[in-house]
Amino acid sequence: MEEKKYRVIGVMSGTSLDGIDLVLVEFTKNSNWNFEILHSETIAYETKWEELLKNLVSQTSEELHKIDQDYTNYLAEVILSFIKKYDIKNLDAICSHGHTALHQPEKGITYQIGNLPVLAKLLQLKTVCDFRVQDVEFGGQGAPLVPIGDKLLFAEYDFCLNLGGFANISTEINNERIAYDICPTNIVLNHYVKKLGFKYDDKGKIASTGIINQELLNKLDALPFYKENYPKSLGLEWVEKTVLPLIDSFQLKIEDILQTFVEHIAIELATEINKKRNVSVLITGGGVYNTYLIEKLKSKTNNKIVILKKSLIEFKEALIFGFLGVLKLRKENNCLKSVTGALKDHSSGKIYLP
């Protein structure tokens, strides 16, 4: 079989608002897919953008469209700076997720800003983006999209667990890739630690000083979402409507909120990965650096926890959105009905030319 190479930049912005992740990656197709990350970087959001993105769900439709235009321009600037910094040439495409503004698949709504056709013109490069909309049109959740990458790039692991704004997981069940969101993670932890003047709880040190509030923990664990069957996904709206008001009603110290919520996350994660025995669990995402959370999780499972090098911890999602773009260019399926609940497997995303 003839070897085929693709050189792309994958771009991802997640709900935890850490910033914009960019990776230059080379994918090689022989009998299997292989990849090499050549450069990677996270561009932190300026305060202005962080505040805007945090409050997208409260914007009117007109305001959102204006923000979309501005964010697309901003994204183009960030990508061009990355290209210039590393003197990147000979690209096949830019493959960008954008940033989720609205995600209500049960209403047929999902909207990612930063995916306007002008992006390709500003970059003067072929651009593949807007990966979620078609799946929702086909009756799917539009999320999670990363599992096709787990299946084709990380098949040696029984579970792929990502700890970002939300925790999501993928695995094979009866020769089908299954994936779903588990629970909120950094989106809640960061919300509360910011009240103490920090962007995040370094290694979970603040959480470790708190006391678990058992009543709050019981109510969190009893939220109906956790009893729903997959496919299922979470969005910022659910957190703001359900989780934060519940936590705030207890009027606890921040340390106690963090301790209780870390315990909640560990319980929910362990519940999922303990559905199989004697297996390996690859964990990526910013939550890996919350060593207090990871130690709690390890104490609740006998399965093997695997944490790879820094570039994969931090950039696996951007890497896989680059891969989704490559599959779209090849007209191959990059969205699995077994994961999202859509009517069929399909090749999702839009291709824009300069």
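The values are calculated or read from the model by the stated rules, or taken from the named source; none is laboratory data. This is a predicted model, so every value here is computed, not measured. Ideal geometry is used to build each Cβ from the backbone, glycine not excepted, and the neighbour counts take in all protein chains shown. Side chains included, ligands, DNA and RNA excluded: accessible areas come from the protein's heavy atoms. Shrake-Rupley method; radii C 1.70, N 1.55, O 1.52, S 1.80 Å.
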Return yes or no: is residue 329 over 27 Å from residue 228 (Cα atoms) and modelled with pLDDT under 95? no
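Among the residues of region 263-270, is any at pLDDT 95 or above and β-branched (Val, Ile, Thr)? Let's see the steps before the verdict.
Here is the first cut: in region 263-270, the ones at pLDDT 95 or above are 263-270.
Those left that are additionally β-branched (Val, Ile, Thr): 265, 267.
Taking every residue of region 263-270 in turn, at least one turns out to be at pLDDT 95 or above and β-branched (Val, Ile, Thr).
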For residue 15, the lone unmet condition from (1) open to solvent by 40 Å² or more (accessible area, probe 1.4 Å); (2) in contact with a Gly (Cβ under 6 Å, 6 or more places away or on another chain); (3) more than 25 Å from residue 335 (Cα to Cα) is (3)
Having 3 or more residues that are within 19 Å of residue 99 (Cα to Cα) and of a type in the set (Ser, Thr, Tyr) is the bar; report the helices (runs of 4 or more DSSP H) wholly within region 117-175 that clear it. none
Scan region 71-86 for residues that are open to solvent by 30 Å² or more (accessible area, probe 1.4 Å), of a type outside the set (Gly, Ala, Ser) and assigned to a helix (DSSP H, G or I) and jot them down. 73, 77, 80, 84, 85
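In region 39-66, what count of residues is obtained for those that are part of a strand (DSSP E or B) and in contact (Cβ under 8 Å) with a residue 40 or more places away in the chain?
Taking region 39-66 first, the residues part of a strand (DSSP E or B) are 39-43.
Among the residues that remain, those that are also in contact (Cβ under 8 Å) with a residue 40 or more places away in the chain are: 39-42.
Of the residues in region 39-66, 4 are part of a strand (DSSP E or B) and in contact (Cβ under 8 Å) with a residue 40 or more places away in the chain.
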